[in-house]
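Report on one structure; see the data block that follows.
The values are calculated or read from the model by the stated rules, or taken from the named source; none is laboratory data. Because the structure is a prediction, the values reported are computed rather than measured. All Cβ positions, glycine included, derive from the backbone under ideal geometry; neighbour counts span all protein chains shown. Accessible surface areas use protein heavy atoms only, side chains included; no ligands, DNA or RNA. Shrake-Rupley method; radii C 1.70, N 1.55, O 1.52, S 1.80 Å.
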Amino acid sequence: MSIAHTRRDTIANPAALAQFSDTTLASSQTYMSSITVYNKTSAPITVFVSKYTNVRGSDRWYTLPAGKNDSWERFGWEVVAFKNSNDSNRAGVYVHADQEVHFYGMDHVDVV
């Protein structure tokens, strides 16, 4: 499997990721997993995905439109966080790559 380019992250040099000890990457430096976040609400959400396992990835806050999803290329454990528009409420989960995060609200976030 080759690296899939997503809107959020692009790997320009997969060999640069060899510094990580993940056995999946070590066996095939062209393989990159992803974390997909689904906005299951009727309003836009603001989401953040850490970049511990992909230094070239983005860890900026991103607005995900209502009913949409997006993916971040990662290959290990990462934090996925959400905040409301005035940053008075946050929620988050710790997930492994190849998992999906379904956001229904600050009090209802599922990892599948």
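From the list ASN86, ASN39, the one residue that fits, being touching a residue at least 12 places away in the same chain (Cβ under 8 Å) and not hydrophobic (A, V, I, L, M, F, W, C), is ASN39.
Quick grid of which residues meet (1) open to solvent by less than 20 Å² (accessible area, probe 1.4 Å); (2) modelled with pLDDT under 95; (3) of a type in the set (Ser, Thr, Tyr); (4) part of a strand (DSSP E or B):
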site	(1), (2), (3), (4)
VAL55	no, yes, no, no
ASP59	no, no, no, no
PHE82	yes, no, no, yes
ASN86	no, yes, no, no
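GLY67: surrounded by fewer than 18 Cβ atoms within 10 Å (Cβ to Cβ), part of a strand (DSSP E or B) and modelled with pLDDT of 95 or more, yes or no? Spell out the reasoning first.
Numbers: surrounded by fewer than 18 Cβ atoms within 10 Å (Cβ to Cβ): yes; part of a strand (DSSP E or B): no; modelled with pLDDT of 95 or more: yes.
No.
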